[in-house]
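Below you'll find the structure, written out as structure tokens, and then a few comments.
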There are 2 protein chains.
Amino acid sequence: MAVYKAPLRDMQFVLKELIGLEQLQKLPGGEELSEDLIDAVMIEAAKLTENIMFPLNASGDEEGCTWNNGEVRTPKGFKEAYQAFVEGGWSALALAPEYGGQGMPEIVSMFMEEMMCAANVSFSLYPGLTRGAALLLLTHGSQELKQRFLDPLVKGTWTGTMCLTEAHCGTDLGLLRTKAMPQKDGTYRLTGTKIFISSGEHDLTDNIIHFVIARTPEGPPGIRGISLFLVPKFIVHQDGSIGERNGVKCTSIEHKMGIKASSTCVMTFEEAEGYLIGDLYKGVTNMFTMMNSERVAVGNQGLGVGEASYQNAVAYARERLQGRSLSGIKCPDKPADPIIWHPDVRRMLLTMKALNEGNRMLASWVAFHLDLAHRGTNEEEKKAADDFVQLMTPIVKAYLTDCGVDITNLGLQVFGGHGYIRDYGMEQYVRDARIAQIYEGTNGVQSLDLAGRKMPAHMGRYLRPFFHLVSQFIEDQQQDKSLQEFIDPLAKAFGRLQQATLTIAQKGIKAPDEAGAASTDYLKMFGLVASAYLWVRAVLVARQKTESNEKVFYEGKIATARFFMQKLLPQTSSLNASIMAGAHPLMDIPQEAFGPF
Amino acid sequence: MAVYKAPLRDMQFVLKELIGLEQLQKLPGGEELSEDLIDAVMIEAAKLTENIMFPLNASGDEEGCTWNNGEVRTPKGFKEAYQAFVEGGWSALALAPEYGGQGMPEIVSMFMEEMMCAANVSFSLYPGLTRGAALLLLTHGSQELKQRFLDPLVKGTWTGTMCLTEAHCGTDLGLLRTKAMPQKDGTYRLTGTKIFISSGEHDLTDNIIHFVIARTPEGPPGIRGISLFLVPKFIVHQDGSIGERNGVKCTSIEHKMGIKASSTCVMTFEEAEGYLIGDLYKGVTNMFTMMNSERVAVGNQGLGVGEASYQNAVAYARERLQGRSLSGIKCPDKPADPIIWHPDVRRMLLTMKALNEGNRMLASWVAFHLDLAHRGTNEEEKKAADDFVQLMTPIVKAYLTDCGVDITNLGLQVFGGHGYIRDYGMEQYVRDARIAQIYEGTNGVQSLDLAGRKMPAHMGRYLRPFFHLVSQFIEDQQQDKSLQEFIDPLAKAFGRLQQATLTIAQKGIKAPDEAGAASTDYLKMFGLVASAYLWVRAVLVARQKTESNEKVFYEGKIATARFFMQKLLPQTSSLNASIMAGAHPLMDIPQEAFGPF
């Protein structure tokens, strides 16, 4: 019963009006990125996700994956949908044509990802990891490995996995035990058990390529003794043909709260043949090429599922007749007014809309910098763009996925009791969104990465350009009195972010717990301020077009910006107060006192 | 794998040290409420919930209810557990002995309810509604109906339901269509379909008594034409024996996000025999006797499930070894430190602890006033106590259940990936907690009841005593410098609540949308301030006992109060800013502008 239409108009707004397509056309290889071409790609992406992936969302959740003696069957229709995805050439949308990709901007690839997550987040996880796996192999793999494994990963005819977690080690990878024994022929034999492996086993492709971190016998203990290996499900001969089964198998799958159509596997390696990727003992660093790419992608899950939930909530709020508008009857010809007229329903809908659209701008802004970093010509600018991506990666991952859970819960609430039953699909969005706060590094880990690592790194090199940009923008726009209702709240919130940054930085030098205690509040504040900056930019664009024939769209944009500034951005005030309280309310309590009593 | 122990020590703290058992002993019939008696009852309640109900929680979720041709089978073990509940005389714990109850204070009954919800919220719904049904019959039923139906409802040998919602009408009961045709013998014949009926059909008891609102043919339209009827599943003869099947049947059950072991039924009435309860056309008002009781009970679901989630999260945080404490190694003999040493994990645990313990105080405070209202001797005091219950009912319902969802989500997050899989039970708490924000009036409806009805009613009669109490308390305690760290934040937050109240009241006179737009923020602010007041009272008690042999408990209490004041109460700041923004950011946007685009 759920609906989903790719929000193409808003995506165009972000790409063409906010970021500016001409910025991308200027980059090497960008000459061919005509507006027509990009529009055509986006329309095809919308068709694929709306017509092929979305119809399998509820049925996939209902049916789930099935494990049988090491084999995993995905839900009905997934195989055909995956086939359509591969045949359409969607697997490596943003990869350069020289490696077999489509050469699209990262921002377009991110829109495609948002659409897939909105349509069917479980489905999106099968190709989702493959993109990162191809990137990993491309960046760190030997020529010989690339020749054998890269092309099918790029095309998506094989899928990739990321094998890090073991039962006793998630965040703390230094504890991992999986062993890789070197062989005389230069290969390794891997033995150990990995858990929570998304797409570790499935029936969509002929081969699955695992990227596994493991410990060699001579290596130092902890994180410095870990190396990265490629372990195929089936051995691949030099000519690319598939050989015998390797010593890796799926020993069970997890039963989860959501993303039930995505296989989450326990993978057991028994003397599995593997090949070293990159240098020995650089496994964790190298794996982070894939991990960072996944973190941004996971942020898009929060956005995609949030958008899907919003669309359904708006449709329901327009249809559902219940009570009369407090300010007077709106539909006298009907037995009651649609609930969209009730202020508290509008609060929920506008919160969803403002967060989704703000988060789309934020994710796109980061994607744009990915393009600058990959395709730029000036080394200094490339470095600066990469720094920006580094800074924003934990924010996109954690802030967008925290928003995703809040948004889908609001969507469920708009439906009342009908939201809690399975028929309308609203409760599935909540369950599917919830995992994104956890995997690829919990949101607590992201916050610590921001407040404990990115913030102090290189004497503030990551933060300074962002602070400079926003501060300059505020200064430039402050003269404009008609913009005051937007600039003033931004300036106030930005001031809080500056104050919080200074405080954490100063306290953190003496007491590392201070950054840890402030980190979650700080990341949320950062996300809100970055979005607020983009909302003002959106207003600058929209207010020039309120006389166009898309008046409703542009006026809605400005009204949503106003809602964000007045009703959501003030959260920075209490976040700041909580940060200023410091670590002692958390740390000065003996662990016995946690009870329970 | 989940654990649950009834938090008896904290309950004793609230009852004996915060509220004061002597307050209850002073009331008529209270002489016999010795400390020993109450302790014994609480210990038995703990045993029943921990040993009988809790072990069925995960299996009940897994199995769910089964519908077959109008019959509903509850999960394995539920029948025996219900039998134990009835045989133990738990069904009417707080009802006066003259009606067959146990005469326990409401506060003890509420503790029992918390334990049941913590142990097995699905199970708790079968007896849960029966208590309210008995109260409804007792208050509004004729002597003849009481004689036939009251005793089995009080004993719990039959269960009760509340039949309000129809497919097209939830909040807006004025739209309801179920018809009640008067018969010559004074009975009625009911025809119509009710949905979302908890415990509408099950296999736990021999009879089920439905309390149904419906429309008689001559009545005025809208809410003023609705009357309340008792409709038994089986006709009951004058001598109390069970006769033939009545014309009401369960035509299907819902598949839901959670509370899967609770049957949520579509009930179809076809000329079902029913008996008028109370006056004609007073159905909705009379039904609210049951509804208000249920609203407080639903608040306890948020608290109970939150407590269960907390206990598991603390246990896991002590066991799970991952990473090293930022301020130095805590367990050098282990490969890593327990995650309870990480500041961000403490943030999650302390948020859970502070909200649960604050909410337990809040619910108990209201329960204490229920006793005052029911058993008091002075009419003026009884009225005042009832006013307080009226004021706090929407807050207990909405604030506690909003907290319940936040808390259970934090509990899941503490477990990381292990929280998302079904094995540990953490994700079930989230799913089970989620319904409580919806049923018995969505939390949006509760907020509107507070800000739009209770606040302006009788020129502020409901609010004034609360404001006076807190304001006097602050004045009395402000001299005490050692209390400053607690009183100052309370005073600040209370000032915001006063400001918000004034603003909403003033704006609301001219524009009713203003109260609606502010309502959710206002209710949360009210809940936070009321808890803050109780937290300071808890500190006053605890700081006199830090030299006792329960030093850890009392110092933990003070530290938790500090955390609440410094890290949670500042939320009142952003809530206030959002309230001050008024209704226009919500209402000045045409409904077309909601898109989606």
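Each Cα pair under 8 Å and six or more residues apart adds its separation to the average, and for the stretch B:8-140 the resulting relative contact order is 22 percent. The label-point distance for B:H168 and A:E271, in a model that sets each label 7 Å from Cα toward Cβ, rounds to 7.2 nm. Taking a straight line from the alpha carbon of A:K179, these lysines sit under 27 Å away, with near neighbours fewer than eight places off in the same chain left out: A:K146, A:K194, A:K233, A:K249, A:K282, B:K334.
Peptide B:317-328 shows a mean partner chain C-beta count of 5 within 10 Å per residue C-beta. For the stretch A:158-281, the square roots a ≥ b ≥ c of the C-alpha gyration tensor eigenvalues yield an a/c of 1.5 or more together with a/b not exceeding b/c, which makes the shape oblate.
Sorted from fewest to most neighbouring beta carbons within 10 Å, what does the list A:D476, A:D344, B:D488 look like?
Numbers: A:D476 10, A:D344 27, B:D488 13.
Going from sparsest to densest Cβ surroundings: A:D476, B:D488, A:D344.
Distances from A:L27 to the same position in the other copies: list them in nm, one decimal, shortest first, using label points 7 Å from Cα along Cα→Cβ. Counterpart label points of A:L27 in the remaining copies fall at 7.0 nm. Centre-to-centre separation between the Cα atoms of the stretch A:56-79 and those of the stretch B:461-504: 57 Å.
Show me A:59-68, A:205-214 ranked by packing, highest mean number of other Cβ atoms within 10 Å first.
On the way: A:59-68: 17.4, A:205-214: 23.2.
Descending mean neighbour count gives A:205-214, A:59-68.
Whole Å is fine, so just give me how far the alpha carbon centre of the stretch A:231-282 lies from that of the stretch B:373-420. A separation of 49 Å, based on Cα centres.
Near A:L190, the amide H atoms lying under 5 Å from its own belong to A:M181, A:E271, A:A272, A:E273, A:G274; only residues 5 or more places off or on other chains count, and H is placed 1.01 Å from N.
With label points set 7 Å from Cα along Cα→Cβ, the inter-copy distances at B:M1 are 3.5 nm, sorted shortest first. Taking Cα atoms only, the orientation of helix B:463-477 departs from the longest principal axis of chain B by about 20 degrees. The order of A:C403, A:C250, going from fewest to most other C-beta atoms within 10 Å of their C-beta, is A:C250, A:C403. Computed log10 I(q)/I(0) for the stretch A:22-115 at 0.14 Å⁻¹: -0.62, from the Debye equation with unit scatterers placed on every C-alpha and solvent omitted. The residues packed around B:L326, meaning those with a beta-carbon under 11 Å from its beta-carbon, carry a net charge of -2 if Lys and Arg are +1 and Asp and Glu are -1.
The C-alpha atoms of chain A define a longest principal axis, and helix A:143-155 lies at about 40 degrees to it. Helix A:35-47 against the longest principal axis of chain A: what's the angle in degrees, Cα atoms only, rounded to the nearest 10? Relative to chain A, helix A:35-47 is tipped by roughly 80 degrees. If I model the stretch A:442-587 as equal point scatterers sitting on the Cα atoms and use the Debye formula, what is log10 I(q)/I(0) at q = 0.18, 0.21 Å⁻¹? Reported log10 I(q)/I(0), two decimals: -1.00, -1.22. Cα extents for the stretch A:266-383 along the principal axes, largest to smallest and rounded to whole angstrom: 73, 47, 17. How much net charge surrounds B:L176 when only other residues with a Cβ under 14 Å from its Cβ are counted (Lys, Arg +1; Asp, Glu -1)? Around B:L176, the charge tally is +3. Adding -39500 (n - 2.57) for every DSSP H run of four residues or longer, then dividing by how many residues chain B holds, sets the calculated 222 nm ellipticity at -17500 deg cm²/dmol. Distances from A:R318 to itself in the other copies, using label points 7 Å out along the Cα-Cβ axis, amount to 5.5 nm in increasing order.
Local charge for A:A385 was computed over the other residues whose Cβ lies under 13 Å away, with Lys and Arg +1 and Asp and Glu -1, and equals -4.
Each reported figure results from applying straightforward, stated rules to the coordinates on display, with no laboratory input. On a predicted model such as this, the values are computed, not experimentally measured, just so you know. In this analysis, Cβ positions are derived from the backbone assuming ideal geometry, glycine residues included, and neighbour counts consider all displayed protein chains.
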